[in-house]
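Structure first, commentary second.
The values are calculated or read from the model by the stated rules, or taken from the named source; none is laboratory data. Because the structure is predicted, anything quoted here is derived from the model rather than measured. Because the Cβ atoms are built from the backbone with ideal geometry, glycine has one as well, and the counts that use them run over all protein chains shown. These area figures cover heavy atoms from the full protein model, side chains too; ligands, DNA and RNA do not enter into them. Shrake-Rupley method; radii C 1.70, N 1.55, O 1.52, S 1.80 Å.
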Amino acid sequence: MVVFTEEQTLKSTLKQIKTSPCIICNRLAALAIMTAGSLRADGSQAYACTVHLRERRRWIASWAAFDTEQRHLQKQGVVR
Amino acid sequence: MILHLEGGRWFIDVRTTETSEQMSYDLTHHLPRRLAAGPVIIVADNTKVFLSVIRKRWMKLLYEVECQRSSTLDTFKKEALQFEADQMRNCHFATKPPAELPSADVYCLTTTQLSRTLPPYMTLYITTPLDAQQAGAATAGLKAGGLIVLYGAWLPEYENLLKQAYQ
């Protein structure tokens, strides 16, 4: 019988259940296939699918647009 | 792969890259995303060589951002890419620890330099295997909500990081 440590159980559970929207393709995906990027205007973490790191043009343009949007939101006082 | 629990202290991003070229490509493309969050620490073996590779890729990336900016007529995209280019151009890299050079944005440090006290930072890239003590020293100044990007395999030495991250 395989006995998992508390951390291993925690790790595998997290990989399965936690999801977040990708700022590039807008799909809801598991964090197991995502990477953390910039912060949102409210200070929360934004994510993108790791696979987009290979699409250079899209990666650059999407994150630049996302960051600018968040800066505008902050300026307008919509958040924080 | 992200390991994070709602309300947890840090985000841990484990990335497997086959070559050092892939790693430097991945890090260079990811780094601009973390600049606005606060200071960045990169732990590497040979910091001078590592940083020269990163800087070379950085200049290439900056050129690409500028090309994209000049090829668009969309005002919003232009503004976004201009900000991106300015941020990349103004980014200061250092191989000296913050105590010696406090004004840099990105510090590329060896494991020996980690033993000194580090000011608070938001992002930590681990590009070389660390033992438990070094991992502890590397994360000592990582703020709540910070991100650890770990290149390579998850080692038993990092188990303590996981415990700390979910505190």
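B:ALA80 - would you say it is within 8 Å of chain A (Cβ to nearest Cβ), crowded, with 20+ Cβ neighbours inside 10 Å and of a type outside the set (Val, Ile, Thr)?
Here the answer is yes, as B:ALA80 does meet what is asked.
What are the residues in the stretch A:20-51 that are in contact (Cβ under 8 Å) with a residue 24 or more places away in the chain, closer than 18 Å to B:TYR151 by Cα and surrounded by fewer than 20 Cβ atoms within 10 Å (Cβ to Cβ), if any?
Passing the criteria: only A:CYS49.
If you take the residues in the stretch B:20-46 that are open to solvent by 50 Å² or more (accessible area, probe 1.4 Å) and within 11 Å of chain A (Cβ to nearest Cβ), which one is modelled with the highest pLDDT?
B:TYR25
Before we move on, is B:GLU157 assigned to a helix (DSSP H, G or I), open to solvent by 50 Å² or more (accessible area, probe 1.4 Å) and either closer than 14 Å to B:THR28 by Cα or modelled with pLDDT under 95 (or both)?
Answer is yes for this residue.
Hey, could you check the stretch A:55-69 for residues that are more than 9 Å from chain B (Cβ to nearest Cβ) and outside any loop (DSSP other than H, G, I, E, B) and say which is least open to solvent (accessible area, probe 1.4 Å)?
Looking at the filtered set, the residue picked out is A:SER62.
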